[in-house]
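The values are calculated or read from the model by the stated rules, or taken from the named source; none is laboratory data. No experiment lies behind these values; they were computed from the predicted model shown. So basically every Cβ, Gly included, is an ideal-geometry build from the backbone, and we count neighbours across all protein chains shown.
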Amino acid sequence: MNNLIDTHFHLDCYKNHSQIYDDINKLEQYTICVTNLPEVFESCIGMYKETKYIKFAVGYNPQMIISNKFDKVSFLRAMHKTKYVGEVGLDFSKPYENYKSKQIVIFDFICKVAAKENKILSIHSRKAEKEVLALLKKNKVKYAIIHWYTGNVDLVKEFIKEGYYFSINPAMTRSLAGKKIIGEIPMERVLVETDGPISKMNGKKIEPNNLIEVYEKIDDIYNIKNCRNIIYNNFKRLLNENLKDINRVLY
């Protein structure tokens, strides 16, 4: 076990996904494999066995709003099979800005049911950071990881105040804006993601063995040498808090 964690990874988006699945298990890297649709989640769990190191999250990526209608029944059926929900959220960037109201209705529903069942969410928030925060607070979502945050730096403190985490990826460590955002995130709220294969490393498609490089970049930005242990403990804390609430619901 190397204690490395990737909280946002698209296994199904790799052509050689079978090889990638084997690589993650061999490297013993904890990986949350998010999906863009509940049907993709069902396909993944049908094809691959969850292991100690690979867990699948049911998602409805807001960018799917143009091509795929949200199916509540399918989403709920899939959500009952996992602790993790992602990729979900809002995207108000230009291609999707005409679908704002529909996105809000869908994400509001997802937040409501996820909060009730104490799921851990991985959240997309492009150009819609205020609205995402408002819906999380409205539905009293307790466990959220803000994926690849690119919004207003001042809002970071508001997300932190609610107890949420931020997953840092390679793209964030390369840009001045990304580094500024990272500088506002307390180390105890930092998690790591590759967002592979969407995000790139050295201009190439990210592979599981590139995960350590993201940790090294974070070490440099925070000027520390042990972010691996800190981030492992952050993720462990998130899971432990979540499990306590699940136990209260079940018992």
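Looking at region 217-230, which of its residues are out of contact with any helix residue (DSSP H, G or I) (no Cβ under 7 Å at 6 or more places or on another chain) and either among the acidic types (Asp, Glu) or within 26 Å of Asp12 (Cα to Cα) (or both)?
Result: Asp220, single match.
Consider only pairs whose beta carbons are under 6 Å apart and that are at least six residues apart or on different chains; among these, list those whose first residue lies in region 232-243 and is within 21 Å of Ile212 (Cβ to Cβ) and of a type in the set (Ser, Thr, Tyr) and whose second residue is modelled with pLDDT under 95 and assigned to a helix (DSSP H, G or I).
From residues that are within 21 Å of Ile212 (Cβ to Cβ) and of a type in the set (Ser, Thr, Tyr), there are no pairs.
Answer yes or no: is there a residue in region 47-62 that is closer than 17 Å to Ser125 by Cβ, aliphatic (A, V, I, L, M), touching a residue at least 40 places away in the same chain (Cβ under 8 Å) and touching a strand residue (DSSP E or B) at 6+ places or on another chain (Cβ under 7 Å).
Yes; the residues of region 47-62 include at least one that is closer than 17 Å to Ser125 by Cβ, aliphatic (A, V, I, L, M), touching a residue at least 40 places away in the same chain (Cβ under 8 Å) and touching a strand residue (DSSP E or B) at 6+ places or on another chain (Cβ under 7 Å).
Could you list, in sequence order, the residues of region 144-173 that are farther than 24 Å from Ala115 by Cα, aliphatic (A, V, I, L, M) and surrounded by 15 or more Cβ atoms within 10 Å (Cβ to Cβ)?
Residues satisfying the conditions are Ala171, Met172.
Please verify whether Arg248 is loosely packed, with under 15 Cβ neighbours inside 10 Å, farther than 15 Å from Asn2 by Cβ and modelled with pLDDT under 95, treating the condition exactly as stated.
It is true that Arg248 is loosely packed, with under 15 Cβ neighbours inside 10 Å, farther than 15 Å from Asn2 by Cβ and modelled with pLDDT under 95.
Here is a list of conditions, (1) more than 28 Å from Lys94 (Cα to Cα); (2) more than 17 Å from the chain's Cα centre (by Cα), and Phe56 meets all of them except one; can you say which number that is?
The one condition Phe56 does not meet is (2).
Since Tyr99 meets every condition but one in (1) closer than 29 Å to Glu129 by Cβ; (2) loosely packed, with under 15 Cβ neighbours inside 10 Å, which condition does it not meet?
Unmet for Tyr99, out of (1) closer than 29 Å to Glu129 by Cβ; (2) loosely packed, with under 15 Cβ neighbours inside 10 Å: (2).
Yes or no: region 199-216 includes at least one residue that is crowded, with 18+ Cβ neighbours inside 10 Å, out of contact with any helix residue (DSSP H, G or I) (no Cβ under 7 Å at 6 or more places or on another chain), among the hydroxyl-bearing types (Ser, Thr, Tyr) and under 17 Å from Gly89 (Cβ atoms).
The answer is no, given that none of the residues of region 199-216 is crowded, with 18+ Cβ neighbours inside 10 Å, out of contact with any helix residue (DSSP H, G or I) (no Cβ under 7 Å at 6 or more places or on another chain), among the hydroxyl-bearing types (Ser, Thr, Tyr) and under 17 Å from Gly89 (Cβ atoms).
Asp71 is checked against (1) within 22 Å of Lys119 (Cβ to Cβ); (2) under 18 Å from the mean Cα position of the chain (by Cα) and fails just one. What number does that condition carry?
Going through the list (1) within 22 Å of Lys119 (Cβ to Cβ); (2) under 18 Å from the mean Cα position of the chain (by Cα), Asp71 breaks only (2).
Mind counting the residues in region 72-107 that are closer than 28 Å to Ser18 by Cα and among the charged types (D, E, K, R)?
Of the residues in region 72-107, 4 are closer than 28 Å to Ser18 by Cα and among the charged types (D, E, K, R).
Conditions first: (1) in contact with a strand residue (DSSP E or B) (Cβ under 6 Å, 6 or more places away or on another chain); (2) acidic (Asp, Glu); (3) surrounded by fewer than 17 Cβ atoms within 10 Å (Cβ to Cβ). Glu117 passes all but one, so which condition is the exception?
(1)
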